[in-house]
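The structure under discussion appears below in the form of structure tokens.
The values are calculated or read from the model by the stated rules, or taken from the named source; none is laboratory data. Remember, it's a predicted structure, so these values are computed and weren't measured experimentally. Ideal geometry is used to build each Cβ from the backbone, glycine not excepted, and the neighbour counts take in all protein chains shown. Quick note on the areas: whole protein, heavy atoms, side chains included, nothing else; ligands and nucleic acids left out. Shrake-Rupley method; radii C 1.70, N 1.55, O 1.52, S 1.80 Å.
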Amino acid sequence: IYLIVLILIMSLISYVLSRHLVRPLFKLRRNLQDFASGDLEARPDKKALSRGDEIGVLAQEYPNMADKIQSLIENSSQLLQDVSHELRSPLARLQIASSLIQQKLDKDLDKKEIEKMLFRIDKECGVLDDLIAEVLSYFRMQVNQDNAVKVKIDLRDLLKDLISSVAY
């Protein structure tokens with residue numbers, strides 16, 4: 001009978017330890033799986049965060065990690081949209097210049113106009129090349145943020161360049 005009572009006590013202790021240690025780990029695992037599946041808002045519950053043991057410490061580190069990853073994903077998505085827009089602008093101007101050259105070739109051969117359009121095409125190719133270099137530089141700076149260089153930009157010059165590009 002002592003053996004049966006001992007087995008029951010051991011089973012009860014095992015059950016309590018299991019509930020206290022394993023269940024929170026399973027919950028954290030589910031949170032991680034949800035996060036990995038695309039639920040970027042998945043975070044541990046308050047109970048896990050308020051624990052004073054190693055599981056609580058792990059639960060407290062999880063939101064920091066998740067916030068950083070979520071921020072990186074959102075920033076990358078925004079960057080992709082911005083780069084796409086910025087690359088399409090000079091590409092559209094290249095297409096316009098190409099169409100105008102084709103029209104000039106079909107009508108009459110005004111060499112000065114064609115040279116002007118070819119110059120514009122070269123300029124837009126340079127803009128595309130610069131944009132691609134900036135994107136690559138941005139990604140390099142993200143990898144090594146300690147060496148980030150801040151550059152002052154003259155807004156007037158920037159607007160003048162933008163107006164001359166659009167005035168084509």
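A few comments on the model shown:
- Degrees between helix 23-36 axis and first principal axis of the chain (Cα, 0 to 90, nearest 10): 10 degrees
- P(r) tail fraction, the chain - alpha-carbon pairs more than 25 Å apart, %: 63 percent
- Against the chain, whose longest principal axis is taken from its Cα atoms, helix 111-143 shows a tilt of about 20°.
- Where the chain is the region considered: accessible area per residue in Å², 1.4 Å probe: 81 Å²
- Restricting the stretch 1-82 to GluC sites (Glu not before Pro) that sit in a DSSP loop and have at most 14 other Cβ atoms within 10 Å of their own Cβ leaves Glu41.
- For the chain, the longest principal axis of the Cα atoms and the long axis of helix 155-166 meet at an angle of about 60 degrees.
- Taken as Cα centroids, the stretch 84-118 and the stretch 38-56 sit 58 Å apart, rounded to the nearest whole angstrom.
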